[in-house]
Structure formats: C-alpha cells, structure tokens
Amino acid sequence: MTAAAVLDPRAARRPRPRMFLPVIPAVLLVLGAVLGPLPAAHSVDKPVTAPYGEAGTDAVLGGDQLGRDVLSRLLHGGSALIGSALTVAVVVTLAATLLGCFAVLHPRLGRLVERIADTSILLPPVLGIMLLALAWPGGGRLAITCAAILLGTPYAVRIVASAAAPLATAGFIEAAIAGGEGTAHLALREILPNLRATILALFGLRFVDAVYVISMAGFLQLGPQPPEADWALMIRENGPGILLNPWAVVAPGLAIGLLAISVNLAANALAPATARRAALR
Amino acid sequence: MSSTEVATQPVAASAARKAGAVALRIGAVLGKRLLMLVVLLAVVFAAIELLPGDAASATSERGEGAAGIAARRHLLGLDRPVWERFWDWITALPTGDLGTSARGERVSDLLAAPLPNTVVLGTTAFVLTVLAALALGIWAAARPKGAVDRVVDLTSTAAFALPEFVVSIGLLLVLSLWTGWLPAATVTGGDGAPASWTMLIMPVLALTVPQTGWNTRIVRAALADQAATPHVEAAHLDGLPVRRVLLRHALPGAWPAIATGIATSTGMLLGGTVVVETLFNYPGIGTVLAGAVADRDTPVIAAVVACAAALITVVLLLADLVRARTLGARS
C-alpha cells in the first residue's frame, strides 16, 4: 500500500450507511436464532421420523439419530449458543477494559498482566476447556462460558493496555495527575472515553472467538448435554449418519458457519483500521 | 603486521563484548520463557488438584470398596502433598517420563503410537498454512485496494472465523459424499498409522483453512505497515517493480509481525487437531485425549498440556529470535 492509499481522504469520508451494510446479515441471523423457536413445528425431543429419516413433507430437513425433526432442533439450537457467546464477549470486554485502563496507570499491574497473558498463550483453548470441564463435571454450558471468559481475558487486557499505553503519557493525563485526580478518575474519565474504537473492535473479535470456543466445546460434548438442541452438539451426534441424512449434519454446520462469518465481517466493518490492526496483534 | 594486530585488537574485544551481550540477552529470553512454562504447568497441576474427584475414584470398578480406592490412591501417590508430587513430575519431565495414567500405564507409552500421527498432521498443516498465507498476503499486497486484495481480505476474514469442524463438514460433503474422491473416515493400518496418505488430505485442509485466513490477514497488515515506511516508499517512488519492492524492501521489516502471528497460530493448530482427529477418527493424540477426558485421567491430560505448552514455547522462542535479528540488523 502506498502513502496515497493510506491517506486516501475518501476512506475517512466514507458515508455512514454503507459502513453499517456488512452488519445487517449478522443482526438478521442473531434475531432469527433468537426468534427461531417460535415457528418450530415440532418439539426438540419427540421422534417424528425413523432414525436419520429422509427429508419429507412432515420433516423438511429429515430426522436425526433418534428421528427427531432436524429443522425444529435447528430453530431451537441457536439462541443458547449466541446467548453464551454474547455473555462471554460482554464480560471479557468489560473486564479487559477496566483492567487495561488501570494497568497502564500502574506499571506493576501492567507487568503482571503482561506476564499472565504471555503465560496463558501457552495453553491452547481446547485443552484449557477440557481441564475446566474435568474440574466441573456437571457444569455444562455454564462451565464452558466461565472457561471461555477465563481463557479470553488475558489476551484482551493486553490489547486494551497496548492501545491505552500512549494515552498514559499524554499531556491531558499528566495535567489531570498534576491536578490531583485519583486513579479511578484517570482510568474511567480520562483514558476510557478515548478507547471507544479499540473496545468496539475488541468486542466484535471476542464475540467471534466466543462462538468458536463455545461451539468447539459443544462439538467435543464438554458443554451442553443431550437432549439439548445445540448446533455443535447436533453435528457431533449425527456425524455417524451423514450418509443417511446429510441435512442433520450439514444444516447445523451451515448455521454455525454463517453465524461465525457474518459476525466476523460485521466486527471487521465496524472497527476502524487502526483498532483492527491493534487487535490483530 | 604488528600494527594491524594492534588495530584489530579493540575491534575484536568489542566484538567479543557484543557477542557476550547477545548471549546474555538470549539467555534472559530463554530463562523467561522457561519460567513461564513452569508457572503454567504448576497452575495446571494445581487446577487438577482442585478437582472434586480424582483418578482413583474415576477409574474404580463397580462394587470396589473404599479400602480398594484408598489402596490405589496410595499406589498412584495421590496421598502425598501436591508440591511434592509436582516437584517429582516436573523434574522427571525433561527425561521423557510423563507420569503414570489412572489405569497404571506409563503415559509416555500411551502417547508413543499416536504422537507421530499427530506430528505428521500438525506439521503438514503448519507448513501449508505458512506457505499459503505468505503467497496470498503478498499477492494481495501487490495491488492495494485492487480486486485481488478485496477478495483475499473478504475470504481470509470469513475463513478465520470458521471452526475446524465446520470446515471439515464442508470438505466431507464435497470431497466424499458428492464426488466420492476421498474416504470419509480414517482407516488405520497394521502399524497404527493411517492406511493411506489420501486420508490425511481432509484433516490437513480442515486445519489449514482457518489458520491461513488468520495468517494471511497478519501478513497483509504487516506489509501495509511496512509500505508506509520511508525506505519502502522511496523504493516505490524510484520506480522499482512492485514485486521487488515487496520482497526485498517491505518483507524483511514485516518478518517480526509475521513470525509472531504464526507463533500464535501454533496453539490454535494444536487445539484444532484434537477436534479434527475426533471427527475423522484419525489415530492421533486427540483420540487419546478424548478418551482421557471421559476417564478423568488427569495425568494423561497434564502430559498432553505439557507437551503442547513446551512446543508452543519453542515456537515463541523462534519468533523472539526472528524479532531480535530483524531489530538488531536495523539498529
């Protein structure tokens, strides 16, 4: 990219409506998943066809390994996944924002955060989730949500801290310190309002990551337990019958794929280029 | 002759001092990374300790009395203090002794057969990811805001959000169900390895696609950062061909960011193998791990965590070296 492209004034003056265009699919999909149970024709735990029954008029996408209606289970299966992913994204973003703002004002806390983030990167998320699922056998979805929060926060704090670091030495902060303001005021009133772009980008990426981690745990049967109609769990349960009724696996696979892609594209579009680049590191 | 000796002496002395400083810095980095590894393993060990049940009761036979469980707990050494067992475990690790599973087998024996299979799968996916990400990133950077750049940006963004098991389903559908080109599940030959190399194609692709998405974005962003630096802009204004500017002027400065990105994707790749191996019934560590989770066989899981963390430490150290070399060359 040349300097001309970087300094392209048109990029800065992009009309707002076009900026929000990539967000629409994600919003529609989330809304659809939340309202999905309403139009579902059958209950999620009553067989209506033969096991792996073929698609017909009664069950548009056929039956699953117990003959339950795939479409109804698909319509029911998204809201809990999206709910826990949103919870993780909100909690991690809030915790990281607070910790990050305080970390730049207290170098010792900052170093501690840095060390913890460096250390936690050595533990692949899947292994971390397995450890927590072992420690909390009946935890189900709640255990996975907690694991995703624990595993995601250190990295997120580092992103906020690196975005806030240049602010800590900025003139207006030094003026506030000289004015005798306390740490809480400095962190929340002076630094935080200047991090909006970073925090927005962080939230989007944390949501993408949470969908990834939570659905992975669901696939490994560590989170939601049968007979719950979780998309990832449906894929795992119906895998053996993919030759008999591919829809039982393909439909939830498509649902997770579309959710992950659309949310990621939305996050990407909302985040300004500088924040996006900071979040990539 | 003597005059040149006198002239070179201070130079040699300063070179030696410089080499000493470099060795010291490498030692410090190495020590820091090793310390982090030990801290993580201690945390994992302590976390396992906090489990409500332990391996002795998780693997108990039906009708086994409390006395029997207590006897096995003693046999597995579970009645000794935590720190003592952690010390024994971590000092034995470098010798290749990974401890004893809840069923009394040596963990290193349990992992010996599936480990090479996972290494083949992971390494192939890693190499492919690096090559594909570099090629795509450089291709996109050659014409910023061009059609290729836009398409690569969109597809890499979409790909890196996809969980490996979703990619696997897509591959299964296309390459196995519709075309019948590849077998849907892995069949193991007599030696414990997959019976045919074609059974590696889908697992490797499922691992490569999301990681290539992630790394392509990092390569592209790092090249864009470099393109804005004065020396690259100067080379561009001098009318050098775009490819030459990218490869000779922009890429060298971009290596630290690229190396860090690749290093972080090692962990994701290792995690992905667990999932992909389960889906394709591939005879690797992931299959052992899934069984260990069902058995609550914590020594096995701790051993796998230790191996994974050690591997990631090595990759991060390599990334540190790349960064140190690039920054050193510049100063």
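The values are calculated or read from the model by the stated rules, or taken from the named source; none is laboratory data. Quick caveat, the model's predicted, so the values are computed rather than measured. Reconstructed Cβ throughout: ideal geometry from the backbone, glycine too, with neighbour counts over all protein chains shown. In case anyone asks, the SASA skips ligands and DNA or RNA and just uses the protein heavy atoms, side chains included. Shrake-Rupley method; radii C 1.70, N 1.55, O 1.52, S 1.80 Å.
Does segment B:189-201 contain at least one residue that is of a type in the set (A, V, I, L, M, F, W, C) and closer than 21 Å to B:Leu136 by Cα? Before the answer, list the steps.
Restricting attention to segment B:189-201, the residues satisfying the condition of being of a type in the set (A, V, I, L, M, F, W, C) are B:193, B:195, B:197, B:199-201.
Of the ones still in play, those that are also closer than 21 Å to B:Leu136 by Cα are B:201.
Yes, segment B:189-201 has at least one match.
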ask   = Give me the pairs: first residue in segment B:306-322 and at the interface with chain A (Cβ under 7 Å from one of its Cβ atoms), second residue of a type in the set (Lys, Arg), beta-carbon distance under 8 Å, and six or more apart or on different chains, which are they?
value = B:Thr313/B:Arg33
ask   = Is it true that some residue in segment A:119-131 is crowded, with 22+ Cβ neighbours inside 10 Å and of a type in the set (Ser, Thr, Tyr)?
value = no
remark   = Residue hits (segment B:171-189; over 10 Å from B:Met202 (Cα atoms), facing chain A (nearest Cβ under 9 Å) and open to solvent by 30 Å² or more (accessible area, probe 1.4 Å)) are B:Leu177
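Would you confirm, using the coordinates I've provided, whether A:Val126 is touching a helix residue (DSSP H, G or I) at 6+ places or on another chain (Cβ under 9 Å) and farther than 19 Å from B:Gly272 by Cα? Let's see the steps before the verdict.
Details: touching a helix residue (DSSP H, G or I) at 6+ places or on another chain (Cβ under 9 Å): yes; farther than 19 Å from B:Gly272 by Cα: no.
Criteria not met by A:Val126.
Here is a yes/no grid of residues against (1) part of a helix (DSSP H, G or I); (2) touching a Leu at 6+ places or on another chain (Cβ under 8 Å):
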residue: B:Pro144; (1), (2): no, no
residue: B:Thr157; (1), (2): yes, yes
residue: B:Phe160; (1), (2): yes, no
residue: B:Phe165; (1), (2): yes, yes
residue: B:Ile201; (1), (2): yes, yes
residue: B:Pro210; (1), (2): yes, yes
residue: B:Gly239; (1), (2): no, no
residue: B:Leu251; (1), (2): yes, yes
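Here's a check for you: in segment B:220-253, which residue that is basic (Lys, Arg) and more than 10 Å from every other protein chain (Cβ to nearest Cβ) is least open to solvent (accessible area, probe 1.4 Å)? Before you say what the answer is, go through the steps one by one.
Of all residues in segment B:220-253, those basic (Lys, Arg) come to B:220, B:243-244, B:248.
Filter once more, keeping what is more than 10 Å from every other protein chain (Cβ to nearest Cβ): B:243-244, B:248.
Values: B:Arg243: 182, B:Arg244: 106, B:Arg248: 152 Å².
My answer is B:Arg244.
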key: Flag for A:Ala197 being in a helix (DSSP H, G or I), crowded, with 23+ Cβ neighbours inside 10 Å and touching a residue at least 24 places away in the same chain (Cβ under 8 Å)   = no
message = I'd like to check something: does segment A:94-111 contain any residue that is under 30 Å from A:Gly218 (Cβ atoms), within 13 Å of chain B (Cβ to nearest Cβ) and free of Cβ contacts under 8 Å to residues at least 24 places away in the same chain?
response = no
message = Every residue in segment B:254-303 that is within 16 Å of B:Val209 (Cα to Cα), small (Gly, Ala, Ser) and at the interface with chain A (Cβ under 10 Å from one of its Cβ atoms), please.
response = B:Gly261, B:Gly267, B:Gly271, B:Gly272
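What helices (runs of 4 or more DSSP H) completely inside segment B:11-115 contain at least 1 residues that are modelled with pLDDT of 80 or more? Outline the logic, then answer.
Numbers: elements: B:55-58, B:66-75, B:82-92, B:107-112.
Output list reads B:82-92, B:107-112.
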Answer residue from segment A:202-228, given it is of a type in the set (Gly, Ala, Ser) and modelled with pLDDT of 80 or more and is farthest from A:Gly128 (Cα to Cα) among those = A:Gly204
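Which ones in segment B:294-323 are open to solvent by less than 20 Å² (accessible area, probe 1.4 Å) and not β-branched (Val, Ile, Thr)?
At the first step, the residues of segment B:294-323 found to be open to solvent by less than 20 Å² (accessible area, probe 1.4 Å) are B:297-298, B:300-306, B:308-309, B:312-313, B:316, B:319.
B:Asp297, B:Ala302, B:Ala303, B:Ala306, B:Ala308, B:Ala309, B:Leu316, B:Ala319 - these are the residues of segment B:294-323 that are open to solvent by less than 20 Å² (accessible area, probe 1.4 Å) and not β-branched (Val, Ile, Thr).
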